[in-house]
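Shown next, in structure tokens, is the structure this report addresses.
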Amino acid sequence: MRCVELDGTGGPEVLVPGIRPVPEPGPGELLIKVLACGVCGHDLLARRGLLGAPERAVLGHEIAGVVEAVGPDVGDGADLLGRRVSLVQRIPCGHCPDCLAGLTTLCRQGQGFYGEDVPGGYAEYVLATTRNVVPVPDSIPDTAAAILSCAVGTGYRALRRAGTREDDIVLVTGAGGGVGVHTVQIARHLGAKVVALTGSPGKEQALKDLGADAVLVSPDAREVRACVGDLGGRRGADVAVELTGGPTFPLALRSLGPRGRLVLIGNTEPAQLPLDPGLAILKELTIHGSAHADAGDLAEVVELVASGAVTPVPAKVFPLEEAAAAHRAVEQREVAGRAVLVP
Ligand SMILES: [Zn+2]
Ligand SMILES: [Zn+2]
């Protein structure tokens, strides 16, 4: 099969075309013919050697495909033959204490994360299990199905972790990015009032069109406070979804009102973050970490998209062999929404 693999670490030029055998599904495994694979910010960090990708890794964890074959002992998985599916990016084991408790995102005993522990979706085929695939209806195109777990499901899970309710005021930082544009839509769908923060003036109108009640471009704390006040937040926002990590963390934390909830889901510029304990104590703040979607979240996201409540932001499509060009385009912020590779 054709694939794109890492030839060292560094710039986009280290992504090179390769040929590998089509993987054989083992017991409990499904062979997935890849229809589309999203290019995530995570992939850019992995390519630069900042994450755990091994030598000659095949990156890509935002995968949609067709179940083309099944291994032995797949149980109900046989019913999935020929079905289009969207994949969760980490394969849980299904039998460790975390999995048995339903906490599959915490499992570290399964096959693991695509592009790092197992070969990813920059290829014609990948392996999966019934624990990390969710069927998608025909109404959802391949390029959208690919990004449902990471770009849509991550924000969905984060908003749920924060117990987001109707009429909450929700701040979304890094709102113009691939996860942000969907988090804004989902927060709005949950009935919240949404303040979108972005560093890109060019994304202001697009974020309003997606349902943000207000869009602030690189604001300071005073501007955020005034905006939240205009939306009826007397003493600050109820929820902040922090997508960038370092740059906006202090602002997001300070913008929360009493009993505010902050959810950390992005870490684009890994660094230690300043935390004022007095602020957290006196306002009785809660800080959540939220990882990727699990299969239950993904199934709910599929429903939200199929019903039209959330619209995956259209992607720019690149042929698989042009993965390097796709990385370059994402790095130079030429892509609004997601870049998606199609084998
Ligand atoms: Zn991703
Ligand atoms: Zn497990």
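The values are calculated or read from the model by the stated rules, or taken from the named source; none is laboratory data. In this text, all values refer to a predicted model and were calculated from it rather than measured experimentally. Cβ: placed from backbone, ideal geometry, glycine included. Neighbour counts: every protein chain shown. To get the accessible areas, we keep the full protein, side chains included, count just its heavy atoms, and leave off ligands, DNA and RNA. Shrake-Rupley method; radii C 1.70, N 1.55, O 1.52, S 1.80 Å.
To the nearest 20 debye, what charge dipole does the range 154-289 have about its Cα centre, counting +1 at the Cβ of each Lys and Arg and -1 at the Cβ of each Asp and Glu?
Here the range 154-289 has a charge dipole of around 300 debye.
Measuring between their Cα centroids, the range 144-203 and the range 221-242 lie 16 Å from each other. Couplings 3J(HN,Hα) for the range 200-217, derived from phi with the Karplus relation 6.51 cos²θ - 1.76 cosθ + 1.60 (θ = phi - 60°), are 10, x, x, 9, 4, 5, 4, 5, 5, 4, 7, x, 5, 6, 8, 10, 10, 9 Hz, where x marks Gly and Pro. Between 115, 245, 82, the GNM of the chain built on Cα springs shorter than 10 angstrom shows 82 fluctuating the most.
Modelled label positions at residue 272 and residue 223, each set 7 Å beyond Cα in the direction of Cβ, lie 3.0 nm from each other. Taking all C-alpha pairs of the range 154-289, those more than 17 Å from each other amount to 51 percent.
Of the two radii for the chain, the radius of gyration is 0.98 times the Kirkwood radius, both from the alpha carbons; that is the Rg over Rh value. Per atom type, the chain shows carbon and sulfur on 51% of its accessible surface, probed at 1.4 Å.
When only Cα pairs below 8 angstrom with a gap of at least 6 residues are kept, the range 154-289 shows a relative contact order of 23 percent. Sequentially through the range 294-311, phi angles give Karplus couplings (6.51, -1.76, 1.60; θ = phi - 60°) of 9, 4, x, 4, 4, 4, 5, 5, 4, 4, 4, 6, 4, 7, x, 5, 10, 10 Hz, Gly and Pro residues having no value and appearing as x.
Restricting the calculation to Cα atoms, the range 287-343 yields a radius of gyration followed by a Dmax of 14.6, 41 Å.
Put a dot 7 Å past the Cα of residue 334, heading toward its Cβ, do the same for residue 160, and the two dots end up 3.7 nm apart. For the residues 206, 145, 57, a GNM of the chain with alpha-carbon springs under 10 Å puts the largest fluctuation on 206. Using the 1.4 Å probe convention, the accessible area of the range 154-289 works out to 45 Å² per residue with neighbouring protein chains retained. Rolling a 1.4 angstrom probe over the protein heavy atoms with all chains in place gives the range 1-134 an accessible area of 41 Å² per residue.
Note on the range 69-210: Cα convex hull, mean projected area over all directions, 10.6 nm². For residue 283, the lysines whose Cα comes closer than 29 Å to its Cα, not counting residues fewer than 8 places off in the same chain, are 193. Rounded, prolate or oblate for the range 1-121? Axes are the square roots of the Cα gyration tensor eigenvalues, ordered a ≥ b ≥ c, and the cut-off for rounded is a/c under 1.5. Oblate, since a/c reaches 1.5 and b/c is not below a/b.
When the solvent-accessible surface of protein heavy atoms is calculated with a 1.4 angstrom probe, in what order do 172, 330 fall, highest first?
My answer, sorted largest first, is 330, 172.
Close amide H partners of residue 69, meaning residues 5 or more places away or on another chain with modelled amide H under 5 Å apart, are 31. Taking amide H positions as modeled 1.01 Å from N, with prolines and chain starts lacking one, the residues under 5 Å from residue 129 and 5 or more places away or on another chain are 30.
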